[in-house]
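The values are calculated or read from the model by the stated rules, or taken from the named source; none is laboratory data. Predicted model only: the values in this text are computed from it and were never measured. Backbone-built Cβ (ideal geometry, glycine too); neighbour counts: all protein chains shown. For accessibility, only protein heavy atoms count, side chains too; no ligands or nucleic acids. Shrake-Rupley method; radii C 1.70, N 1.55, O 1.52, S 1.80 Å.
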Amino acid sequence: MEALYDYAWLIPVFPLAGAMLVGLGLISLNKFTNGLRELNAVLIISLMGAAMVASFALLASQFQGHPTYSYAFEWASAGSFHLSMGYTIDHLTSLMLVIVTTVAMLVMIYTHGYMSHDPGYVRFYAYLSLFSSSMLGLVISPNLVQVYIFWELVGMCSYLLIGFWYDRKGAADACQKAFVTNRVGDFGLLLGMLGLYWATGSFDFQVMGDRLQELVASGAISGGLAALLAILVFMGPVAKSAQFPLHVWLPDAMEGPTPISALIHAATMVAAGVFLIARMYPVFEHIPSAMDTIAWTGATTAFLGASIAITQNDIKKGLAYSTMSQLGYMVMAMGVGAYSAGLFHLMTHAYFKAMMFLGSGSVIHGMEDVVGHNPVLAQDMRLMGGLRKHMPITAGTFFVGTLAISGIPPFAGFWSKDEILGATYASNPLLWVVGFATAGITAFYMFRMYFSTFEGSFRGNDKKIQQQLLAAARPSGVDAHDAHDSHDDAHAHHHAANPHESPWSMTLPLVILAVPSALIGLVGTPFNNYFEAFISAPGHVAEHAHEFDLNEFLLMAGSSVGIGLIGITLASLMYLSRKIDPSAIASKIPALYNLSLNKWYIDDIYNSVFVIGLRRVARQVMEVDYRVVDGAVNLTGLATLLGGEGLKYLETGRAQFYALIIFGAVLGLVVVFGIT
């Protein structure tokens, strides 16, 4: 068994090797490598499969009670400064390794069908493999510096994948937006990391937490400074996990191919932020103001994402705001001290959200056969409807995910969301109210999405709706005729009357993901919480594992299911039976409707303040540079030129003349000093 731990470092190396081999092939023998499409895919998937098998073996070993394993070597030293690198395998690591490898593996299988006609098929697999490797490296990192290195690699890979179709303006803008927004958070993380090292002399998570607590207790540093350092570190997860106010990049990230949307939203980019909060828990948990900041940031994000999702018509953007909202739940749980509940929701959400994103890709794949390769039309739910008849596997699995995220028992999301709400109620009833309201909104917008997409009659052939959508897209700068989507343009002109089910390479991952989406929550039931016992916070035992009050559970669970059922009922009345007209409601409350539709105007505010505002500042700086800086430089040159021109007439070459000048200068000085 020890050999398994000795070679655990190979888990991130396997996909890294695949990315390097394929990448080198693309650089040196591009045409030949692109010609071996399926062979490259098999290589990448096989290496990820090897990493997945090793991850499951480590999880089984940790579940059986194997102690935490750490390996470290000195990477850099200077005087008293010593920095080690290596890897750590503990309960949290083994769980995250399994989540990342299983989701990445299924996304890679799905990619074969979704990207089959794309000319960048091989390049996409190389990027996917590098992305997965970066996340796996982050997961096994034993200290904050190593986490930061892989943290930035994850950010780089997201930039490459969001902007994969870089010839589309939307994709190019989206990857830049993601990159810049994450740099803001990462700058805060870097400052906090350096500040914590200055205070504690260590980058080790547990050591930082213990020493910081001692320093605050002894008065060596103030509680305010400790809180500031913790909040600066928290800025990193705020950006990575798309928390308010740095959430704006996540919906735009939908410009990337759907497989990468699934991977980002389920197991890599956004999961990295929640994972770092869990790793930094020894620092955060002893600073109440930092915990409150984390909790309220999460609650605000959860409500904000849900309130925006209810008016989205793009199926992928609706799911993106849903992810943002669910991440808010996880962060809120961490902030109220519900460490295991937050990680439990991270696990359940990873599976059902990956399945729903891949399901949306299957829907888009089917819609393209009808409306062509146009993302404006293929992703808009107003052109869908009735797809359950044509795509039964996609519809069935999407329905499982919808039930799971809506918190309907016994599906996975019910157990994890209910645990978060229970812990939040015990800690801060006001936060619970926000989470409770968000649960009802979540059920409403998810069933709105399901009914609009899969039930009713198919609207994809309605030319009037198509023309309206294309006309609405043009003023916003969207290229309504941009056909660079996931498939070859050669198929763009052969439109079918109805969509069809996706190939097995796309439906098989959906069916596999439906199993944990439905059942994995059973490992964390409150009356027998295996998950909490396994993943309890560092240095703690599972505090509430033995405390189960049936009446309390029925009250809390019943209320959360009740609010969910209210949301589902409203959605069915509006979008299934059509007994309530949603447009009539929108017309009665136009201010609230437009607030949601325009994403609370946050993007507009950022555009006015930071984009346009900084352009104005840049123009002013340019004026200062042109008139003051350049003017001073030019004036210096002119003065030198004129001085040289004037002095050259005094250069006669006669020693007597020079002596006369010196005598005159001395005489002048004598007169001046004599007068004074």
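Within segment 633-654, being exposed (fewer than 10 other Cβ atoms within 10 Å of the Cβ) and either in contact with a Gly (Cβ under 7 Å, 6 or more places away or on another chain) or aliphatic (A, V, I, L, M) (or both) holds for Leu647, Leu650.
Count of segment 445-465 residues, restricted to those that are among the hydrophobic types (A, V, I, L, M, F, W, C) and at pLDDT below 90, is 2.
Of the helices (runs of 4 or more DSSP H) that lie entirely inside segment 581-676, those containing 2 or more residues that are in contact with a helix residue (DSSP H, G or I) (Cβ under 7 Å, 6 or more places away or on another chain) span 582-588, 590-597. Apart from one condition, Pro67 fits all of (1) open to solvent by 70 Å² or more (accessible area, probe 1.4 Å); (2) within 29 Å of the chain's Cα centre (by Cα); the exception is (2).
Quick check, is Ser587 surrounded by 15 or more Cβ atoms within 10 Å (Cβ to Cβ) and either modelled with pLDDT of 90 or more or not hydrophobic (A, V, I, L, M, F, W, C) (or both)? Criteria not met by Ser587. When you check Phe187 against the structure, is it closer than 23 Å to Ser132 by Cα and either modelled with pLDDT of 90 or more or open to solvent by less than 20 Å² (accessible area, probe 1.4 Å) (or both), yes or no? Taking the combined requirement at face value, the residue does not satisfy it.
What residue, among those in segment 3-39 that are open to solvent by less than 20 Å² (accessible area, probe 1.4 Å) and more than 27 Å from the chain's Cα centre (by Cα), is nearest to Leu97 (Cα to Cα)? Within segment 3-39, the match that is nearest to Leu97 (Cα to Cα) is Tyr5. For segment 62-119, the candidate set comprises residues that are small (Gly, Ala, Ser) and assigned to a helix (DSSP H, G or I); within that set, the residue that is farthest from Ser202 (Cα to Cα) is Gly113. On inspection, Val611 does not qualify as open to solvent by less than 100 Å² (accessible area, probe 1.4 Å), more than 30 Å from Gln312 (Cβ to Cβ) and without any contact (Cβ under 8 Å) to a residue 40 or more places away in the chain. You will find that of Leu346, Leu387, Leu358, the residue that is open to solvent by less than 10 Å² (accessible area, probe 1.4 Å), of a type outside the set (Phe, Trp, Tyr) and over 23 Å from Ser505 (Cβ atoms) is Leu346 and no other.
Go through Gly385, Gly342, Gly359 for me and flag whichever is assigned to a helix (DSSP H, G or I), more than 24 Å from Ala290 (Cβ to Cβ) and either over 18 Å from the mean Cα position of the chain (by Cα) or touching a residue at least 40 places away in the same chain (Cβ under 8 Å) (or both).
Working: Gly385 fails: assigned to a helix (DSSP H, G or I); Gly342 fails: more than 24 Å from Ala290 (Cβ to Cβ).
Of the residues listed, the single one that is assigned to a helix (DSSP H, G or I), more than 24 Å from Ala290 (Cβ to Cβ) and either over 18 Å from the mean Cα position of the chain (by Cα) or touching a residue at least 40 places away in the same chain (Cβ under 8 Å) (or both) is Gly359.
Quick check: is even one residue across segment 368-381 open to solvent by less than 10 Å² (accessible area, probe 1.4 Å) and not in a helix (DSSP H, G or I)? Scanning segment 368-381 turns up at least one residue that is open to solvent by less than 10 Å² (accessible area, probe 1.4 Å) and not in a helix (DSSP H, G or I).
The residue pairs whose first member lies in segment 550-566 and is closer than 12 Å to Trp432 by Cβ, whose second member is assigned to a helix (DSSP H, G or I) and among the hydroxyl-bearing types (Ser, Thr, Tyr), and whose beta carbons are closer than 8 Å, counting only pairs six or more residues apart or on different chains, are Met556/Tyr425. Out of curiosity, is Phe436 within 30 Å of Glu285 (Cα to Cα), touching a residue at least 60 places away in the same chain (Cβ under 8 Å), open to solvent by 10 Å² or more (accessible area, probe 1.4 Å) and not hydroxyl-bearing (Ser, Thr, Tyr)? In short, yes.
Cβ separations smaller than 9 Å between residues 6+ apart or across chains give the following pairs from segment 518-538 residues that are under 18 Å from Leu59 (Cα atoms) and open to solvent by 60 Å² or more (accessible area, probe 1.4 Å) to residues that are among the β-branched types (Val, Ile, Thr) and not in a strand (DSSP E or B): Tyr530/Val523; Ala533/Val541.
If you check Thr88 against the conditions, is it surrounded by 14 or more Cβ atoms within 10 Å (Cβ to Cβ) and either among the aromatic types (Phe, Trp, Tyr) or touching a strand residue (DSSP E or B) at 6+ places or on another chain (Cβ under 9 Å) (or both)? Here the answer is yes, as Thr88 does meet what is asked.
Just the residues that are over 20 Å from Ala3 (Cα atoms) and in contact (Cβ under 8 Å) with a residue 40 or more places away in the chain, please, taken from segment 71-86.
The first filter runs over segment 71-86 and keeps only residues over 20 Å from Ala3 (Cα atoms), leaving 74-84.
Within segment 71-86, Leu83, Ser84 meet the criteria.
Can you confirm whether Lys317 is open to solvent by 10 Å² or more (accessible area, probe 1.4 Å), in a helix (DSSP H, G or I), at pLDDT below 95 and charged (D, E, K, R)?
When the stated conditions are applied, Lys317 passes them.
The residues of segment 184-202 that are in contact (Cβ under 8 Å) with a residue 40 or more places away in the chain and under 24 Å from the mean Cα position of the chain (by Cα), listed by number, are Val184, Gly185, Asp186, Phe187, Gly188, Leu189, Leu190, Leu191, Gly192, Met193.
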